[in-house]
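Data first, discussion second: the structure below is written as structure tokens.
The values are calculated or read from the model by the stated rules, or taken from the named source; none is laboratory data. Note that the coordinates shown come from a computational prediction; the quantities given were computed from them, not determined experimentally. Neighbour counts run over all protein chains shown; Cβ positions are idealised from the backbone, glycine included. The area values use the complete protein model at the heavy-atom level, side chains included, leaving out ligands, DNA and RNA. Shrake-Rupley method; radii C 1.70, N 1.55, O 1.52, S 1.80 Å.
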Amino acid sequence: FRNTSGGWHDAGDYGKYSTNNADAVGTLLQAYVEYPAKFAYDDCAIPESGNGIPDLLDEARWSLNWMLKMQLANGSVLHRESVAAYGGEFIPENDPQTRYYTSISSDATAIHAAAMALAARVYVSFDPAFAAVCSTSAVMAWNWLLANPNRVPTGGFANLHGHTGATYIAGSEIRRRMWAAAEIFRLNGSVAARSYFDANWGDGLE
């Protein structure tokens, strides 16, 4: 049993994917990095409005807190949390179906590392303690990736045990690993991260 409350649901079946949450967080945080003045609003009528932190960052943190729950002690990240199969339309808080978390994947771990490293840089001026948590999480995920250079599981994440639902794996995980390497390098100047990015640049463009 794991507490997997929080995060963003992906679609009508309320699946929550580490890959998709991290991708959305990365997009929001990069938008803030590039255009902070355009996303400085703290009055968007969300529960955190008025706390002195841009609402975009409050909303992204809702997902980041869930993402942290999906990381294991060894740094790897669970791919998905969802119902076993689509069972009808419910508002999320009234969904009666049992929810399950899946096995880990290197796809999820890589994109988690990237988003957490980016978050560590963005939140440091607002909440240094939270930024430190994100930094530690990013480095843990990156170190797991270094120790597991091949795709996990082989061929990418797949549904097992009669479960259905999207898998959200690309043809290759290389771009996710490259994003992780780039963000880790920006975070702490990791030589290994820079070397990985430089060595795989051509493959990442495919």
Of the conditions (1) outside any helix (DSSP H, G or I); (2) open to solvent by 10 Å² or more (accessible area, probe 1.4 Å); (3) closer than 24 Å to L29 by Cα, the single one that T136 does not satisfy is (1)
Filter region 32-86 for residues that are among the charged types (D, E, K, R) and in a strand (DSSP E or B); the one that is farthest from G156 (Cα to Cα) is E81
The one condition A117 fails out of (1) in contact with an Asp or Glu (Cβ under 8 Å, 6 or more places away or on another chain); (2) modelled with pLDDT under 95 is (2)
Here the residues within region 143-158 that are part of a helix (DSSP H, G or I) and open to solvent by 10 Å² or more (accessible area, probe 1.4 Å) are N143, W144, L146, A147
Flagged in region 104-133 as in a helix (DSSP H, G or I) and among the β-branched types (V, I, T), in numbering order, are T109, I111, V122, V133
Subset of region 68-115, residues among the small types (G, A, S) and either surrounded by fewer than 24 Cβ atoms within 10 Å (Cβ to Cβ) or touching a strand residue (DSSP E or B) at 6+ places or on another chain (Cβ under 7 Å) (or both), comes to A73, G75, S76, S82, A84, A85, G87, G88, S103, A108
Of the residues in region 33-59, those that are in contact (Cβ under 8 Å) with a residue 60 or more places away in the chain and under 17 Å from the mean Cα position of the chain (by Cα) number 1
Conditions (1) of a type outside the set (S, T, N, Q); (2) under 17 Å from G6 (Cβ atoms); (3) within 20 Å of the chain's Cα centre (by Cα) -> G75 fails only (2)
Picked from region 145-176 (must be small (G, A, S) and in contact (Cβ under 8 Å) with a residue 12 or more places away in the chain), the residue nearest to T109 (Cα to Cα) is G156
Inside region 12-31, the number of residues satisfying the requirement of being open to solvent by 50 Å² or more (accessible area, probe 1.4 Å) and either free of Cβ contacts under 8 Å to residues at least 12 places away in the same chain or in a loop (DSSP other than H, G, I, E, B) (or both) is 1
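Here's the yes/no breakdown for (1) buried (at least 16 other Cβ atoms within 10 Å of the Cβ); (2) more than 15 Å from the chain's Cα centre (by Cα); (3) at positive phi; (4) not hydrophobic (A, V, I, L, M, F, W, C):
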{"position": "A117", "(1), (2), (3), (4)": "yes, no, no, no"}
{"position": "Y123", "(1), (2), (3), (4)": "yes, yes, no, yes"}
{"position": "F126", "(1), (2), (3), (4)": "no, yes, no, no"}
{"position": "Y168", "(1), (2), (3), (4)": "yes, no, yes, yes"}
{"position": "R177", "(1), (2), (3), (4)": "yes, no, no, yes"}
{"position": "F185", "(1), (2), (3), (4)": "yes, yes, no, no"}
{"position": "W201", "(1), (2), (3), (4)": "no, yes, no, no"}
